[in-house]
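These notes are about the structure you will find just below.
The values are calculated or read from the model by the stated rules, or taken from the named source; none is laboratory data. This structure is a prediction, so every number in the text was calculated from the model and none was measured. Here Cβ is always computed from backbone atoms with ideal geometry, including for glycine, and neighbour counts include all displayed protein chains.
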Amino acid sequence: MRGGKGRAGGRKHLWIQTVKYFPDRYKKIGFKPPSSLESEAETVNVDELRDLAIKTLGADSVKGGAEDLSLDLESLGYGKLLGRGRVDLPLSIRVSEYTSKALEKVEAAGGQILESE
């Protein structure tokens, strides 16, 4: 009786031999954090900027055409500006990440995007 052929029993009855002579055979390498710990930035689309401006700046200043319409999306909890929809306000937006479509649409409306660190 020899206990099997080849590496048979390497994790069972021949474990001591595996640990002694082949220590790297079943070694786990590296570390992968659990997906629950990974955080993605909250996103907001261009078409939602008007509602956000009304909530934060007030309806009178938005509809009255105030000169300084600035939104700080970081302080509102958003990390990235996406380009779905249309914007018709000349907003000055502070955000850390944005897409190229969002930049085009905001600049076409007369606004600007300022990067925050």
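A few points about this structure:
- Which numbered condition residue 39 misses (of (1) free of Cβ contacts under 8 Å to residues at least 12 places away in the same chain; (2) in contact with a Leu (Cβ under 9 Å, 6 or more places away or on another chain); (3) within 19 Å of residue 116 (Cα to Cα)): (2)
- Qualifying residue in segment 53-75 (condition: modelled with pLDDT of 85 or more, under 18 Å from the mean Cα position of the chain (by Cα) and buried (at least 18 other Cβ atoms within 10 Å of the Cβ)): yes
- Considering segment 76-107, and only residues there that are among the small types (Gly, Ala, Ser) and farther than 13 Å from residue 45 by Cβ, the residue that is modelled with the highest pLDDT turns out to be 100.
- Candidate set from segment 16-38 (those that are assigned to a helix (DSSP H, G or I) and within 44 Å of the chain's Cα centre (by Cα)); member that is surrounded by the fewest Cβ atoms within 10 Å (Cβ to Cβ): 19
- Residues that are outside any loop (DSSP other than H, G, I, E, B), of a type in the set (Asp, Glu) and under 14 Å from residue 53 (Cα atoms) within segment 70-117 comprise just one, 72.
- Residue 44 falls short of the stated requirement of being surrounded by 11 or more Cβ atoms within 10 Å (Cβ to Cβ) and either part of a loop (DSSP other than H, G, I, E, B) or at pLDDT below 85 (or both).
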